[in-house]
Amino acid sequence: MAPSHINTSSVDILTIKSDARLLHHIALVSLIAGLIVIAVNTYWGFWYRPGGPGLVIIAVIMLAMLKRGLVLSTASFFCWSVLVMILLSSLASQGLQNVAWIAGPIAVLVSGWLTGRRGAIAVTIGSIVSIFAMYQLQLSGFKPNNFIPLEIIMALLMVANLIAAFIGIATATTFQQQMSLIHNARQHLNAIFNSTPDMIWSVDPNTFVLTSFNLPFAQCLASHNSINVELGMTLEDMFITPERSAEWQQLYARTLTDKHHRVTYQDLKPNSYLALGFNVMEHDGKVFGISVFAKDITEQKKTQLQIEYLAFHDALTGLANRRLGMESLNHALATATTHQLNVALLFVDIDQFKHVNDKYGHASGDSILKQLAQRLLYVMGDHATVCRQSGNEFMIILPNLAATDELATLCENTLNSLHTPYEINGTSVAIACFIGAAAFPRDATTSESLIQKSHTALTIAKYTTTNGYQLFEQPMLDRLQHKIMIRDALITALERHEFVLHYQPQLDLATGRVTGAEALIRWQSPEQGLVGPTAFIGIAEEYGLINQIGRWVLIEACQQAVRWINANAGYDGLIMAVNLSALQFQQGQIITDVNDALTLSGLAPHYLELELTESILLEHDDFLIEAIQQWRAQGIHLSIDDFGTGYSSMAYLKRLKVDKLKIDRSFVQNLEQDSENRAIVQAMLHIAKGFNLTTIAEGIETEAVNQTLKEMGCKEGQGYLFAKPLPPQIFEDWLKTR
């Protein structure tokens, strides 16, 4: 590899520009003075004695050097030669020729030291010629003017030559100092030029051949192209392919127009990038080169590309993120509008994904998400865009759906793939997924509307479907909007305290004694009046409001029980029954809510009964066991509500050890006429007796049903036969009549 090279001639000119002009003027002055001296000496020497032509030789040599541009050196050696000539001639005229011959070499050495080799040669020649010329004049006794003695003329000439000599010496010394500074500056600049890690080079503005370069540039071309860089190389020499040469020729040509420009250039190495800065080099308005600065920005470019990738992709799964998904959807709809195509939009959601994280850990949850993403990519193929919308929700865009009838089959195939168990650390984990789908332009004509309707279908799929997917239909949107309206109204109702509790008495069927009361919520809506729980409890559960409502019910029911006890209204000893929703257990706050209700009201725990549905027993087994153990230790009563309507199991009756079974009204109505219901109720009563549990039937509306239940051995009951759910004051009045 050739060493680096920098051409600093332009730098030298700029560095000494101001000083050089001054020195140039001084040199010319001393040159003119010297010429006058030569002319005088030559006049007398040439016309009167044969020694004159020697002085002409000195002038010819001087002019020859001047022609070569050595102005400063010429003036310097000329002044010295004249000075030495005068001194030696004077010595010779006094008969001291031997001293002159000794002084001559000394003068040569001194002049060589001050003015260089050329000056030394000139002084030697001038000295020899001058000695013989002046000696001949002295011997002849020549006197050019009777009024002006030769000695005076010689003295004047010596003074003139001394002045010229001193000027020449000063000029030579200053010039040497400037050259020393230039030399040091060149070395310093070379050191900087080669020590920088960036590549720097320059080219001729006309031919684009290489005029200077530093070591990193040479190393780069040697490493990538196996080229030994040398000055004068052309573009074809430095770049192997004609395409690369043409690229660089355009870049250089652009610099001549723009003068300064910056570009990012993909380097010769794969996946490497250079930041290039092009600048024209000018002096006195003339362009003498193009300089290029190149910095390796590969790492910065990688970082930039990574940032750009993360801006449009999900870091965990590598799928497109919400932003890229929206851009893809808008593009797909625009294309579909132009070419009259169908576009399908699917939303995929993992059911109860929080429980997966809680049970197996977040790392396992992340693994499931990544596996699911790969399955979606495989099922959908290359033409679909799969993006991760949120934690466990994915959006799929199918831009070229042949027919909307294919949507159902597509959803079924996708669910079949997603429902296959996932492997986590050697454990097979099954998860459930739901899909909501809508199509453009059948269901919506804008991206916002298509997203809304696909998401609506997903919401419906979660709560109403058995096959796991739902295609959008307009009626379902109407139902959803109605739900949202009720949800918003429920939020307002919580803020305005519009909920109230009614209480339905529970009686001992054998004696007619009141044993307790079930607290039942009502919504006192300003617009609709008194609204029963079936109209809003399901929506409250769906939108996460049931925890706030359930906490309020617990506290209010316990406080009402204490008010009746303190009023001596005959309530002492009666049990307050409160229903719990399965969703209240998901947040893990139900134990705290029950304790707060007892603490805030001051109600003794044995006056409280909590009614649990069978769905609670099956879905929240571990947490339920902890809660039941704590509640039983406190003395709180527990019952299973709507027994027989869910997934009744003898196992959980044995394990959980509740106090009471509540027979659902669907089995109680028409009990005396429906033999199948009678058989079911009889079986429930036998089960309860086997587990030593109290039984209570709800929905008793006729005396015949009441009598049948008593004959079958049911202990307690409630229903319209005895009383409807009553407001607190009316319940208190009713209780006083018993």
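Kindly evaluate L603 against the criterion of being crowded, with 19+ Cβ neighbours inside 10 Å, farther than 19 Å from A540 by Cα and touching a residue at least 24 places away in the same chain (Cβ under 8 Å). Don't jump to the end; show me each part of the working.
On the way: crowded, with 19+ Cβ neighbours inside 10 Å: yes; farther than 19 Å from A540 by Cα: yes; touching a residue at least 24 places away in the same chain (Cβ under 8 Å): yes.
Here the answer is yes, as L603 does meet what is asked.
Residues to consider are E282, E308, E299; find the one that is loosely packed, with under 12 Cβ neighbours inside 10 Å and under 30 Å from S202 (Cβ atoms).
One residue alone meets the criteria, E299.
Determine which member of the set E393, E448 is in contact with a strand residue (DSSP E or B) (Cβ under 8 Å, 6 or more places away or on another chain), at pLDDT 90 or above, surrounded by fewer than 18 Cβ atoms within 10 Å (Cβ to Cβ) and not hydrophobic (A, V, I, L, M, F, W, C). Working first, answer last.
Details: E448 fails: in contact with a strand residue (DSSP E or B) (Cβ under 8 Å, 6 or more places away or on another chain).
That would be E393, the only listed residue that is in contact with a strand residue (DSSP E or B) (Cβ under 8 Å, 6 or more places away or on another chain), at pLDDT 90 or above, surrounded by fewer than 18 Cβ atoms within 10 Å (Cβ to Cβ) and not hydrophobic (A, V, I, L, M, F, W, C).
Only one residue in D733, D642 is assigned to a strand (DSSP E or B) and free of Cβ contacts under 8 Å to residues at least 60 places away in the same chain, so which one is that? Don't jump to the end; show me each part of the working.
Numbers: D733 fails: assigned to a strand (DSSP E or B).
Just one listed residue meets the conditions, D642.
Test A403 against the stated conditions and say whether it is part of a loop (DSSP other than H, G, I, E, B), of a type in the set (A, V, I, L, M, F, W, C) and touching a residue at least 24 places away in the same chain (Cβ under 8 Å). Write out each step before concluding.
On the way: part of a loop (DSSP other than H, G, I, E, B): yes; of a type in the set (A, V, I, L, M, F, W, C): yes; touching a residue at least 24 places away in the same chain (Cβ under 8 Å): yes.
Yes.
List, please: which pairs have Cβ atoms under 7 Å, are six or more places apart or on different chains, and start with a residue in the range 209-225 that is in a strand (DSSP E or B) and end with one that is β-branched (V, I, T) and modelled with pLDDT of 85 or more?
These pairs meet every condition: L210/V203; T211/V203.
Could you list, in sequence order, the residues of the range 407-427 that are within 25 Å of A336 (Cα to Cα) and touching a residue at least 40 places away in the same chain (Cβ under 8 Å)?
Looking only at the range 407-427, we keep the residues that are within 25 Å of A336 (Cα to Cα), and these are 407-414.
Correct list: L407, A408, L410, C411, E412, T414.
Can you say whether S447 is in contact (Cβ under 8 Å) with a residue 60 or more places away in the chain and over 22 Å from S417 (Cα atoms), as far as the supplied structure shows?
Working: in contact (Cβ under 8 Å) with a residue 60 or more places away in the chain: yes; over 22 Å from S417 (Cα atoms): yes.
When the stated conditions are applied, S447 passes them.
Only one of (1) at pLDDT 90 or above; (2) farther than 30 Å from L721 by Cα fails for E498. Which number is that?
Single failed check for E498: (2).
Please verify whether V379 is of a type in the set (A, V, I, L, M, F, W, C), over 27 Å from the mean Cα position of the chain (by Cα) and surrounded by 18 or more Cβ atoms within 10 Å (Cβ to Cβ), treating the condition exactly as stated. Lay out the reasoning, then the answer.
Details: of a type in the set (A, V, I, L, M, F, W, C): yes; over 27 Å from the mean Cα position of the chain (by Cα): yes; surrounded by 18 or more Cβ atoms within 10 Å (Cβ to Cβ): no.
No, not satisfied.
It is to be established whether one or more residues within the range 238-254 are out of contact with any strand residue (DSSP E or B) (no Cβ under 9 Å at 6 or more places or on another chain), loosely packed, with under 14 Cβ neighbours inside 10 Å, modelled with pLDDT under 80 and in a loop (DSSP other than H, G, I, E, B).
Yes, the range 238-254 has at least one match.
Can you tell me which residue in the range 216-237 is farthest from H283 (Cα to Cα), limited to those that are touching a helix residue (DSSP H, G or I) at 6+ places or on another chain (Cβ under 7 Å) and surrounded by fewer than 18 Cβ atoms within 10 Å (Cβ to Cβ)? Write out each step before concluding.
The first filter runs over the range 216-237 and keeps only residues touching a helix residue (DSSP H, G or I) at 6+ places or on another chain (Cβ under 7 Å), leaving 221, 227-229, 235-236.
If we keep only those that are surrounded by fewer than 18 Cβ atoms within 10 Å (Cβ to Cβ) too, we end up with 228, 236.
Numbers: N228: 31, E236: 28 Å.
Going through the qualifying residues, I end up with N228.
With the structure loaded, tell me whether T427 is more than 14 Å from M380 (Cα to Cα) and among the β-branched types (V, I, T) or whether it fails that test. Walk me through it before giving the result.
Working: more than 14 Å from M380 (Cα to Cα): yes; among the β-branched types (V, I, T): yes.
Here the answer is yes, as T427 does meet what is asked.
Take the conditions without any contact (Cβ under 8 Å) to a residue 24 or more places away in the chain and closer than 23 Å to T511 by Cα and apply them to E711. Does it pass?
On the way: without any contact (Cβ under 8 Å) to a residue 24 or more places away in the chain: yes; closer than 23 Å to T511 by Cα: yes.
Yes; evaluated as a whole, the condition is true for this residue.
Any idea which of Q634, Q559, Q630, Q586 is in contact with a Pro (Cβ under 9 Å, 6 or more places away or on another chain), surrounded by fewer than 21 Cβ atoms within 10 Å (Cβ to Cβ) and not basic (K, R)? Explain how you work it out, then say what you get.
Working: Q559 fails: in contact with a Pro (Cβ under 9 Å, 6 or more places away or on another chain); Q630 fails: in contact with a Pro (Cβ under 9 Å, 6 or more places away or on another chain); Q586 fails: in contact with a Pro (Cβ under 9 Å, 6 or more places away or on another chain).
Among Q634, Q559, Q630, Q586, only Q634 is in contact with a Pro (Cβ under 9 Å, 6 or more places away or on another chain), surrounded by fewer than 21 Cβ atoms within 10 Å (Cβ to Cβ) and not basic (K, R).
I307 is checked against (1) in contact (Cβ under 8 Å) with a residue 24 or more places away in the chain; (2) not assigned by TED's automatic domain parsing to the domain that holds I396 and fails just one. What number does that condition carry?
(1)
Being aliphatic (A, V, I, L, M) and assigned to a helix (DSSP H, G or I) narrows it down to one residue among L345, L310, L274; which is it? Walk me through it before giving the result.
On the way: L345 fails: assigned to a helix (DSSP H, G or I); L274 fails: assigned to a helix (DSSP H, G or I).
None of the others qualify; the one that does is L310.
Since F623 meets every condition but one in (1) free of Cβ contacts under 8 Å to residues at least 60 places away in the same chain; (2) in a strand (DSSP E or B), which condition does it not meet?
Evaluating F623 over (1) free of Cβ contacts under 8 Å to residues at least 60 places away in the same chain; (2) in a strand (DSSP E or B) leaves (2) as the failure.
Name every residue in the range 673-708 that is of a type in the set (A, V, I, L, M), out of contact with any helix residue (DSSP H, G or I) (no Cβ under 6 Å at 6 or more places or on another chain) and closer than 16 Å to R513 by Cβ, in order of residue number.
I696
When you go through A438, A408, A444, A461 one by one, which is the residue that is in a loop (DSSP other than H, G, I, E, B) and of a type in the set (A, V, I, L, M, F, W, C)?
Details: A438 fails: in a loop (DSSP other than H, G, I, E, B); A408 fails: in a loop (DSSP other than H, G, I, E, B); A461 fails: in a loop (DSSP other than H, G, I, E, B).
Just a single option satisfies the conditions, and that option is A444.
So if I check each of I616, I565, which one is under 30 Å from Y463 (Cα atoms) and not basic (K, R)?
Values: I565 fails: under 30 Å from Y463 (Cα atoms).
Among I616, I565, only I616 is under 30 Å from Y463 (Cα atoms) and not basic (K, R).
Would you point out the residue of the range 346-362, among those that are farther than 19 Å from F312 by Cα and at pLDDT 90 or above, that is surrounded by the most Cβ atoms within 10 Å (Cβ to Cβ)? So that I can check it myself, show each step before the final result.
Step one: list which residues in the range 346-362 are farther than 19 Å from F312 by Cα, which gives 346, 348-362.
Adding the requirement that they be at pLDDT 90 or above leaves 346, 348-350.
Details: L346: 27, V348: 25, D349: 21, I350: 20.
Going through the qualifying residues, I end up with L346.
Count, please, the residues in the range 460-493 that happen to be within 37 Å of the chain's Cα centre (by Cα), surrounded by fewer than 19 Cβ atoms within 10 Å (Cβ to Cβ) and without any contact (Cβ under 8 Å) to a residue 40 or more places away in the chain.
Count: 1.
In the range 517-530, what residues are surrounded by 13 or more Cβ atoms within 10 Å (Cβ to Cβ) and within 15 Å of I491 (Cα to Cα)? Don't jump to the end; show me each part of the working.
The first filter runs over the range 517-530 and keeps only residues surrounded by 13 or more Cβ atoms within 10 Å (Cβ to Cβ), leaving 517-525.
Result: R522, W523, Q524, S525.
Listed here are the residues, each with its yes/no results for (1) part of a strand (DSSP E or B); (2) on the phi > 0 side of the Ramachandran plot; (3) under 60 Å from the mean Cα position of the chain (by Cα).
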site: Q673; (1), (2), (3): no, no, no
site: A683; (1), (2), (3): no, no, no
site: N692; (1), (2), (3): no, yes, no
site: E701; (1), (2), (3): no, no, no
site: K710; (1), (2), (3): no, no, no
site: G717; (1), (2), (3): yes, no, no
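Can you find a residue that is of a type in the set (K, R), modelled with pLDDT of 85 or more and either in the same structural domain as T511 (by TED's automatic domain parsing) or not in a loop (DSSP other than H, G, I, E, B) (or both) anywhere in the range 645-659? Write out each step before concluding.
So in the range 645-659, the residues of a type in the set (K, R) come out as 654-655, 657.
Of the ones still in play, those that are also modelled with pLDDT of 85 or more are none.
Checking the range 645-659: not a single residue is of a type in the set (K, R), modelled with pLDDT of 85 or more and either in the same structural domain as T511 (by TED's automatic domain parsing) or not in a loop (DSSP other than H, G, I, E, B) (or both).
Return yes when R551 is surrounded by 16 or more Cβ atoms within 10 Å (Cβ to Cβ), modelled with pLDDT of 90 or more and not polar (S, T, N, Q) and no when it is not. Spell out how you get there, then give the answer.
Values: surrounded by 16 or more Cβ atoms within 10 Å (Cβ to Cβ): yes; modelled with pLDDT of 90 or more: yes; not polar (S, T, N, Q): yes.
Spelling it out, R551 is indeed surrounded by 16 or more Cβ atoms within 10 Å (Cβ to Cβ), modelled with pLDDT of 90 or more and not polar (S, T, N, Q).
The values are calculated or read from the model by the stated rules, or taken from the named source; none is laboratory data. These numbers were taken from a predicted model, which means no experiment stands behind them. Reconstructed Cβ throughout: ideal geometry from the backbone, glycine too, with neighbour counts over all protein chains shown.
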